[in-house]
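Each remark here refers to the structure printed beneath this line.
The values are calculated or read from the model by the stated rules, or taken from the named source; none is laboratory data. Because the structure is a prediction, the values reported are computed rather than measured. All Cβ positions, glycine included, derive from the backbone under ideal geometry; neighbour counts span all protein chains shown.
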C-alpha cells in the first residue's frame, strides 16, 4: 500500500510541478494548444512534502517525455516517463507507455493558459495546478 501511495504522489507531482492559484482565465482552443505545446518545458516543484525539478518535452508527432528528480524527505525519486499526447478541447491527454502499477492509464491536464513562454495546467484527477516555463533551445 505504501508503494502505491508513493507512486500516486510521484505521478501527481510529475505532472503538476509547483502549485499556483489561478483566476478565471479564458481557456485556450484545441488549435492553440496543439500549436504552442511542442517543445521543452520545466517546472520547479517546491511543496512541503516534495521538492525538485521536472523537465518535459512534447514533440509535434504526438510523443512526450517527462524526466527529473524529486525529493520526498530523505528519499530521492527519479522520474523517467514517456508516452503519447493528444489534445481534446482544452485538455492534454497523456498516455504513458508503461505507467507504474496502480497508476491511471491516461492523465488529463486542463490547460488554463498557454503562450510561447509558459503554460498553466490543472491535473483533472488530483486538481493540482502548476506553471511550466519553456526551455530556450
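Confirm whether residue 92 is in a strand (DSSP E or B) and within 12 Å of the chain's Cα centre (by Cα). Can you show your working first?
Values: in a strand (DSSP E or B): yes; within 12 Å of the chain's Cα centre (by Cα): yes.
Criteria met by residue 92.
Among the criteria (1) surrounded by 14 or more Cβ atoms within 10 Å (Cβ to Cβ); (2) out of contact with any helix residue (DSSP H, G or I) (no Cβ under 6 Å at 6 or more places or on another chain); (3) within 16 Å of residue 33 (Cβ to Cβ); (4) at pLDDT 95 or above, the one residue 114 does not fulfil is (2). Can you pull out every residue in the stretch 69-98 that is at positive phi and in contact with a helix residue (DSSP H, G or I) (Cβ under 8 Å, 6 or more places away or on another chain)? The one that is at positive phi and in contact with a helix residue (DSSP H, G or I) (Cβ under 8 Å, 6 or more places away or on another chain): 89.
Counting only strands (runs of 3 or more DSSP E) that sit completely within the stretch 24-77, those holding 3 or more residues that are over 17 Å from residue 118 (Cα atoms) and touching a strand residue (DSSP E or B) at 6+ places or on another chain (Cβ under 9 Å) correspond to 63-72.
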